[in-house]
């Protein structure tokens, strides 16, 4: 078995006095599109923050591409090929879409003109070509999500940590985004996405991890995980799995 | 090197000055705690209040201590109007704008005073400005002692208003969660302006206590700006207890610093404390981790 | 790369116009006006590098001005060094101060109001030190012996100073244009607009902000050195006082932060206003600053993007506490985000 691109080893993060992430371990193989799901407040975004270096873990390790990067600064991780997006979109509001994406492109491209050209190409891939000269603040929520994705893509990541890239989108927008995300994985980028939209998870993910109250409670293929009793209980409450089972038998 | 009979008066002087500093800082703490803005105009507003007390005394013969209600009310109205009409309109949702607009206001205030009163340093004379009281080996000016107790009383009143009255409850609600407060029917803009008004009203009181023992010129404001910020940051932004303690601390440091280093360099001590706190412990002595 | 070319042409045109004016204008009054306008421009440009492009508002920019001024003076008076040789020392010293203060402030994560306050505090500390220490001449200040000659960087006519300032202003324009069209400039503005997002994209905020502070400080130091050469005098109040700090930030804000020509426009407008005030009200103490302060308040209230921003169609963004999504979505055509 080849070495995983990302290996998280018993990671714990205390955040605001709470153990937001408690001994989480996972291994992500190169080239997979995987999802991290769980009820609200489960610690998914905190896990992303800990993995990418925005938060310092209390204990545990993060190994990326064979290197121990635990607690390393985010910009160094980005340069090494790990880029994250944010659940609450963070555009460079005063700049145009093109300029926004160019910032990402500049990670590997020094020249301004070349970076701007690259920004155009990336914008096309995510469907933002028509908005290139608009200020980022003028985009709709869906547009900003695409911008967030485009900016991260422009950094030519090996691993893309997508945090709820579909949140706040209507069904039509979601159905447009799904092929874009699938295209990422097809182009060789390893994707780990936090997602609440089950349609996307079932459609896209090859492997799913379920987080609840900071702990990993299940992992596996999407169909297996969604039938897991512990997972159902985490989302729907104690006894829900049993009730559902009984209901199905009747 | 320096014996008790020199240190002790310096300490007491520091305490009395510190009490007034604390009062000034309390107003700033309230403003920061509620509006989350750094009120750059705080020092200039104090300077204007000092001139107010001065004019009331020299033009109308009103004793500074008797002028308390007038000054407190007047500064309150001034603060309310300023926040409602100018500062609120300038924020556009960005903190930096508040910083700039209060800076602009402080410049206008300071130089308007310069225009009207010229740059002369002025002080007032009352029957008691020269009276001193003996405490141990120290001879402390009576106005300073009045300032000490007066500041504590006003601080107590302020804390009572904030902790025990409905108004105080509304203020604390807005400070904690303004959207929620708005949903509860609290007029947030009004509360903002009230808080700013109360903050400036503290300055009105402080001026009444300060002028008999001190002086006024258009530049005193800038001296107080950094001192009050130092106190607020030292005490922990938004902590009243911290502002009180911080005020005393700074007053003593300034007094002792002036004793050992001379007035000018003594001031440097305060600024260095300020810088050190900002860098190494921005939550101050009492604040939560920023 | 038409943006960069347009900027380059604009700068060339600007240099041409000012240089021609310098030689065409005869009266001392007119030349002095141009000189003081350029002086204000240089300070505004310096502030703009850190404040407008870097997003770090310094309220104590006089710190760098005074450092440049005093080094320029002390090098000549106490060190016997030639004025031209002292110039790089003055600019360098100001840059070094920028490096130190920036390193301290950014290492400890100061931003926003805290950064503004700390710069103010440092300016005050330097002012008090200049007042108290011997080698700065104390409260009396320092005087440069009057020896008007080009080799001495002192000129009998303001024309020489205009050209001296033009050199610095042009350099500042070039640096500003570079920020608009370079990877470093993109990094700096990214940090300004959203530091966390910038970090996620591989940008090191500390390094980027530090470089901006050094550049900003250096140019401000140049302004200080000019002052000493032009007026042969410096004292703690002028060097490190609030007036100087305010003039620097006001020019940039009034003209339009984060733009190429904002500081030029703003400084010109403010200086013209100051002259107008002087003509109308004479030399009333404080009247100038009352007007400057009022302008600052009014601009922030009604024209936050400054003069340069008037022509731009960008709408002012309001960041609400739910993180950036606009409250009203624009009408959407099918399939278009």
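No lab work stands behind these numbers, since they all come straight from the coordinates. This one's a predicted model, so the numbers in the text were calculated from it and none came from an experiment. Don't worry about glycine lacking a Cβ; one is built from the backbone with ideal geometry, like all the others, and counts go over all protein chains shown.
Determine the shape class of the range B:63-200: with a ≥ b ≥ c the square roots of the Cα gyration tensor eigenvalues, call it rounded for a/c under 1.5, and otherwise prolate if a/b is greater than b/c, oblate otherwise. It comes out oblate by the Cα gyration axes.
In terms of other Cβ atoms within 10 Å, C:246, A:210, C:15 run from fewest to most in the order C:15, C:246, A:210.
Ignore the peptide's own chain and count Cβ atoms of other chains within 10 Å of each Cβ in B:270-277; give me the average, rounded.
Details: counts 3, 10, 3, 1, 7, 10, 0, 0.
The shielding value for this peptide is 4.
Residues considered: B:213, B:134, B:175. Largest GNM mean-square fluctuation over chain B, using C-alpha springs under 10 Å, is found at B:134. Taken over the C-alpha atoms, chain A has Rg and Dmax values of 18.5, 67 angstrom. Of the residues B:148, C:64, A:54, C:240, the one with the fewest other Cβ atoms within 10 Å heads the list, and the complete ranking is A:54, B:148, C:240, C:64. Every helix of 4 or more DSSP H residues in the protein assembly as shown counts as -39500 (n - 2.57), and over all residues that averages to -20500 deg cm²/dmol at 222 nm.
Legend: translational diffusion of the range A:157-205 by Stokes-Einstein, Rh = Kirkwood radius over C-alpha pairs, 25 °C, 0.890 mPa s; D = 225 µm²/s. When the Gaussian network model of chain B links Cα atoms closer than 10 Å, the mean-square fluctuations of B:27, B:52, B:266 top out at B:266. On the principal axes of its alpha-carbon atoms, the range B:187-290 has extents of 51, 37, 20 Å, going from largest to smallest.
Counting alpha carbon pairs within less than 8 Å and at least 6 residues apart, what relative contact order, in whole percent, applies to the range C:21-307? It would help to have the intermediate numbers written out before the result.
Working: 501 pairs, mean separation 100.5, N = 287.
About 35 percent, as a whole number.
All alpha carbon pair distances within chain B were sorted into 5 Å bins beginning at 0; the resulting P(r) in whole percents reads 1, 6, 12, 17, 19, 18, 13, 8, 4, 2, 1, 0, 0.
Arranged from highest to lowest average of other beta-carbon atoms within 10 Å per residue, in what order do the peptides B:245-254, C:279-288, C:51-60 appear? Walk me through the intermediate numbers first.
Working: B:245-254: 23.3, C:279-288: 13.2, C:51-60: 26.4.
Highest-to-lowest ranking by the protection proxy: C:51-60, B:245-254, C:279-288.
With chain B treated as a Gaussian network of Cα nodes joined by springs under 10 Å, which of B:278, B:46, B:244 yields the largest mean-square fluctuation? Answer for the Gaussian network model of chain B: B:278. Shape analysis of the protein assembly as shown based on the Cα gyration tensor places the equivalent ellipsoid semi-axes at 51, 37, 24 Å, largest first.
Of the beta bridges in chain A, as assigned by DSSP with both residues counted there, near 55 percent are antiparallel. Highest mean packing comes first when the peptides B:267-274, B:203-210, A:147-154 are listed by Cβ atoms within 10 Å, giving B:203-210, A:147-154, B:267-274.
Taking beta carbons within 10 Å but only from partner chains, what does the mean come to for residues B:110-121? Please report the intermediate quantities before stating the final value.
On the way: counts 5, 12, 6, 2, 6, 7, 1, 1, 2, 2, 0, 0.
Going residue by residue through B:110-121 and averaging, the value is 4.
DSSP beta bridges fully contained in the protein assembly as shown are about 65 percent antiparallel. Extent of the range B:123-228 along its three principal axes (Cα atoms, max minus min coordinate, largest first): 57, 31, 23 Å.
Determine, for A:82, A:177, C:257, A:202, the number of other Cβ atoms within 10 Å of each Cβ, and report the residues in order from fewest to most. Write down the numbers at each step before the final one.
Details: A:82 29, A:177 23, C:257 26, A:202 15.
Ascending number of Cβ neighbours within 10 Å: A:202, A:177, C:257, A:82.
The Rg/Rh ratio of the range C:21-307, with Rg taken over Cα atoms and Rh as the Kirkwood radius over Cα pairs, comes to 0.96.
Taking beta carbons within 10 Å but only from partner chains, what does the mean come to for residues A:73-79?
On the way: counts 4, 9, 12, 3, 3, 7, 4.
Going residue by residue through A:73-79 and averaging, the value is 6.
Is the shape of the range C:1-91 best called rounded, prolate or oblate, per the rule: a/c under 1.5 gives rounded, else a/b larger than b/c gives prolate, else oblate, with a ≥ b ≥ c the square roots of the Cα gyration tensor eigenvalues? Working shown, then result.
Numbers: a/c = 1.96, a/b = 1.21, b/c = 1.63.
Oblate.
Note on the range C:118-256: percent of Cα-Cα distances in each 10 Å bin, starting at 0 and stopping at the bin with the largest distance, equals 10, 30, 32, 20, 7, 1. Could you work out, for the range A:1-95, what percent of all Cα-Cα pairs fall into each 5 Å distance bin, beginning at 0 Å and stopping at the bin that holds the largest distance? Calculated P(r), rounded to whole percents: 3, 12, 23, 24, 20, 10, 5, 2, 0, 0.
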